1. I'm trying to understand the selection: among the residues of segment B:166-175, which are part of a strand (DSSP E or B) and out of contact with any strand residue (DSSP E or B) (no Cβ under 7 Å at 6 or more places or on another chain)?
2. With (1) surrounded by 24 or more Cβ atoms within 10 Å (Cβ to Cβ); (2) under 26 Å from residue C:88 (Cα atoms); (3) within 10 Å of the chain's Cα centre (by Cα); (4) within 16 Å of ligand 3 (Cβ to nearest atom) as the list, and residue A:49 as the residue in question, which single condition is left unmet?
3. Scan the helices (runs of 4 or more DSSP H) fully inside segment B:202-314 and keep the ones with 2 or more residues being within 14 Å of chain C (Cβ to nearest Cβ), on the phi < 0 side of the Ramachandran plot and over 23 Å from the mean Cα position of the chain (by Cα).
4. Hey, any hits in segment A:122-134 for a residue that's assigned to a loop (DSSP other than H, G, I, E, B) and away from ligand 4 (no atom under 16 Å from the Cβ)?
5. Whether any residue in segment B:176-195 is assigned to a loop (DSSP other than H, G, I, E, B), within 28 Å of residue C:114 (Cβ to Cβ) and more than 14 Å from chain A (Cβ to nearest Cβ) is what I want to check.
6. Scan segment C:53-77 for residues that are in contact (Cβ under 8 Å) with a residue 40 or more places away in the chain and either outside the structural domain of residue C:21 (by TED's automatic domain parsing) or touching a strand residue (DSSP E or B) at 6+ places or on another chain (Cβ under 7 Å) (or both) and jot them down.
7. Across segment B:135-151, what is the total count of residues that are more than 16 Å from ligand 4 (Cβ to nearest atom) and crowded, with 24+ Cβ neighbours inside 10 Å?
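The values are calculated or read from the model by the stated rules, or taken from the named source; none is laboratory data. Only a predicted model underlies this, so the values are computations on that prediction, with no experimental measurement involved. In this analysis, Cβ positions are derived from the backbone assuming ideal geometry, glycine residues included, and neighbour counts consider all displayed protein chains.
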Ligand SMILES: Cc1ncc(C[n+]2csc(CCOP(=O)(O)OP(=O)(O)O)c2C)c(N)n1
Ligand SMILES: Cc1ncc(C[n+]2csc(CCOP(=O)(O)OP(=O)(O)O)c2C)c(N)n1
Ligand SMILES: [Mg+2]
Ligand SMILES: [Mg+2]
């Protein structure tokens, strides 16, 4: 099934968004290497089409749950870069006031219900969010992103069953990069295409190549429309190749050279630029413009974050209870 | 697919075993009503063909894990009635020395690794037992019984995936009676035939009618043979109709009269007797003989249990640790 | 059995613990349409074609009849998916509902511990206060039914060990009603633990009263010689023990540790300090128990001021046995409480 | 950092905590072919086509190299299925293996709590002693890495609250080796908790020594004014505190609470009784903690014999924050231990 072509301006817009994510992630990884960013950072590079393609169909009121690899989901959902970076540095003006960091980054004002450091931790939360939407009848839709590794978590199975029997407005999005840390999906996942499992829950399942933005966009459109119509959940498996290791600094010694080369070859940024150029768009100019703009914003955000105040140690146990 | 006919003597033997289970369960339910049996009792009546048909292919060294509805599994695996009944009464000479009761009844000498009061609790244990068998290379096979309600537990999904990627000698046996306490499978299970899910783990899945002993026997034969050959796990869904409520004493007010009538109509004992008679066996005589024999053993076992000593209260916390 | 309460008002009526819980649910559901119920068998076949009277309405019948009033969008039977429904409860609470989820028996709660410990309890904190998680997890706890090892845990201590959770364990019908209302109105995740032996107990309840406050002690009986604090059902056991002690001339004050987190430590210290003798009773394993937690905290504050070591009465540090004589020996008992109290008096 | 041990033998060599763990695994696997390892990324891509040197061998590298010697039947990477692999561990142990399973971080253990609490811990008891469950669950615990709320729990107290589990938390390389061997040889399920800050610490280890006994205290330092007992990494913090205290003229004895269950209560009582002052340090939430458990038990036994209230130093009763100044304020610290110890001396 080939997805229909998007209007050129829409694909350009998607390209801008994906490139922004890539620039953010490349920068974050570089800055992390300097040693003053606390904790861990997992890069979304390579997966940009998934967050961008799904969130293209969502508004601020719609809700997403994310993973340990959550920056791309934030950016696709419209979260502001400055408080994002401040959170990565654990500062008082970060999105989570320094309590969360990269693995718990969240912006509820944008319907970004949080990165989650428990593999598959966000899946059931999205199902609950969809239950709230259905109960309140407010038309909201939820989407949940999770990796191929997360498909081995029982709660995913339970959540898909719940979403199906209650016909909840939720989209399950498996970001299959073929690896869970050092463990290949080919070893750990007992079925060649994870989307096959959707049939076990009477929901549509499809596998798309996430180096093809339009394919993701179209699969997401169908799933979000279905959810919005009240017809229930869908399952999308989007395959991509992990760029830059499991975490920033991962030597990836367990991964063959060929597999790493494949990641570069399948890069959605280059591919989308080529598609745009092939359709007559001046993608080089767009690239230059986005780079100029985003790099400037990143310069500012990283400088600001480093200069920002730390949270007050006296308040280490604030926000545990509401009262 | 119709199962091949079994040799008459084999079907007669199976009938004897199933009738023994039925007589045990009817008696246990009746005795429970007298009020001196502690705890809860869940009857296996109606499901006899499943335990009997699966365990027909297993020896003492092979291992099974069971559910809260475990008496039938014990009897099919060759466990002795006298210490079984003593355990139901919590006596010192019970299989578990009174520590377990009906919901934890176990006989490791017979490869009966325990009833389990956690729904789906035995499933992963059977996978581990199969892992031990594969690792030790001793040719043992494991089978795990669980209900339709248990299919909603995430650990079943995780266990099926593990068994598949490691090609473990284990058979997953779903005893689908259409109910989980008061909750219909039609409501709680998001797929009409649970066996469809087997495809999501690259393992064979089949659904059989458990009022047809030969159908269960044949499906189990294929699955146990496959396991024994080292080709990995299988999934069998065996449908039956629950007789006598979720637990002894359940008024089943949530269940329609029609559904309860269906249970009686589909009864495997009557059906097997009819099949035997149709093939020229004197099933009435067999019935009479088994009844005489088993009732005598039950009389003895229940009387003995009631007369047996209680465990010593001083030893309430024995068997917690090995040393 | 009729039990004392600390809030007998003029308009009080006699009510069972079970009815008090149902009344709290009814009151909150009528007042706020965001309150929804989830759980295995809580509608119990209601709406599935069979006659409504026959529906289960939860294992003990607490939610029976609610489906009729509130329908399938607010009273949801669930599959047997403790992890999945708890995660959904968290998500629903984050997205605008105030769900009350029945996990049946606390012994099944470990199935959902990741969702309870890592999601429900931490979400507010990790988000820097962006979101609240107003949810209640109800569950039946405890032994005595000969339900054996996998159906008899209380898990009082495990839940209290989790920062971010509030933990409530009522002892009387009045506490059941007042605290369940408070739990539903609270913006934080509350684990609400109902001891199975209590459902059929009855007591005076002011059916017009509002919610109780979390974080307070219940005073079930005044006394001057020794202070006995019990968790849930153990508080009633302490009351019975107090009656036995009275017959021997010992005056025991009895407290219900109805709010385990937040805990009214100041109140405990004041009362135990006044009598100078303190016994704490909890049905649950001995190690890292609520009993040891309370004893350590009270003991520190009253160092040098107590007349005897603090008595701790818990279950054995063992799984719960099936056989009646074993289970009876395993659990706390009136006799054990009496013995512990007398020991603080230098007797026995 | 080199740390003291209580068992420096003639043949001792300097070894890191990580190498001591690896040595214990190697020794046990060579001695008994029933010992198998399971866990996410414990082979870490070994045997998957890429060069072996690049394999992960566990999050911290403890199992690196074992795949080469023992192959895919004894060193098994697993999918991310904590519940499933723990259940499989229980079943494998019941059916003849002696599995050692790595759950990665203790913060993920709640995913497997049903299997730990309801199956592993209760199986022997429920079967009336018919079966043993000889398994070890290894996991990395604790804060300091800025790993935030979902990667920093210790869960010392939760595990110790579970009857049927043995719970071990070594502080030194010698303890790591001796206790991991003992845990593998033990017939009961053992939860083996490795604090992340310890992996790179080193100390003297007798590489020819046999297993240590579970149920003993480690004596890391003698002292006469105050007894400080710490769990795992907190014991090293106590050692540092002792050095600070020494400079102020206070002599502190330091104990490693390396076996949380069974616990050497008699040993603790004897030592705390000798100094008359006792401080217990645990990284973990304050409520229902190991610290309060030990304080309650020791406090009861030494009622009237202690010169000061028992000091408890724990983490805040809060999830673990990400930001460095917040996490530092949240965790126990040398300074907090020093303060608590001085308070028992009537200082500060
Ligand atoms: C419950 C749990 N188990 C294990 C981990 C450790 N862990 C973090 S990311 C990861 C791999 C996840 O793989 P996948 O879901 O494919 O996501 P990816 O990293 O490839 O995007 C693991 C095992 C965790 N964070 N949570
Ligand atoms: C983890 C867990 N959740 C809930 C229960 C309560 N419970 C006991 S049996 C049962 C229904 C099981 O249904 P099914 O698996 O279909 O087995 P059946 O009783 O029909 O044989 C439930 C919900 C339990 N024992 N364990
Ligand atoms: Mg992946
Ligand atoms: Mg069923």
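1. The initial filter retains those residues of segment B:166-175 that are part of a strand (DSSP E or B), namely B:170-175.
Result: no residue meets the conditions.
2. Condition (2) is where residue A:49 drops out.
3. On the way: elements: B:213-228, B:257-265, B:268-278, B:283-307.
Once the helices (runs of 4 or more DSSP H) in segment B:202-314 are filtered for at least 2 residues that are within 14 Å of chain C (Cβ to nearest Cβ), on the phi < 0 side of the Ramachandran plot and over 23 Å from the mean Cα position of the chain (by Cα), what remains is B:257-265.
4. If we filter segment A:122-134 for residues that are assigned to a loop (DSSP other than H, G, I, E, B), which is where we start, we get none.
Within segment A:122-134, none of the residues are assigned to a loop (DSSP other than H, G, I, E, B) and away from ligand 4 (no atom under 16 Å from the Cβ).
5. Residues of segment B:176-195 that are assigned to a loop (DSSP other than H, G, I, E, B), as a first pass: B:177-178, B:181-182, B:189-193.
Add one more test, that the residue is within 28 Å of residue C:114 (Cβ to Cβ), and what stays is B:181-182, B:189-191.
Remaining after also requiring more than 14 Å from chain A (Cβ to nearest Cβ): B:181-182.
Yes, segment B:176-195 contains a residue that is assigned to a loop (DSSP other than H, G, I, E, B), within 28 Å of residue C:114 (Cβ to Cβ) and more than 14 Å from chain A (Cβ to nearest Cβ).
6. Kept after step one, since they are in contact (Cβ under 8 Å) with a residue 40 or more places away in the chain, are these residues of segment C:53-77: C:58-66, C:69-70, C:74, C:76.
Selection gives C:58, C:59, C:60, C:63, C:66, C:74, C:76.
7. Within segment B:135-151, the first condition is being more than 16 Å from ligand 4 (Cβ to nearest atom), and the residues that meet it are B:135-143.
From what is left, the residues that are crowded, with 24+ Cβ neighbours inside 10 Å are B:141-143.
Of the residues in segment B:135-151, 3 are more than 16 Å from ligand 4 (Cβ to nearest atom) and crowded, with 24+ Cβ neighbours inside 10 Å.
Rundown of residues vs (1) away from chain B (no Cβ under 13 Å); (2) within 14 Å of the chain's Cα centre (by Cα), yes/no style:
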| residue | (1), (2) |
| --- | --- |
| A:105 | yes, yes |
| A:109 | yes, no |
| A:134 | yes, no |
| A:137 | yes, no |
| A:147 | yes, yes |
| A:158 | no, no |
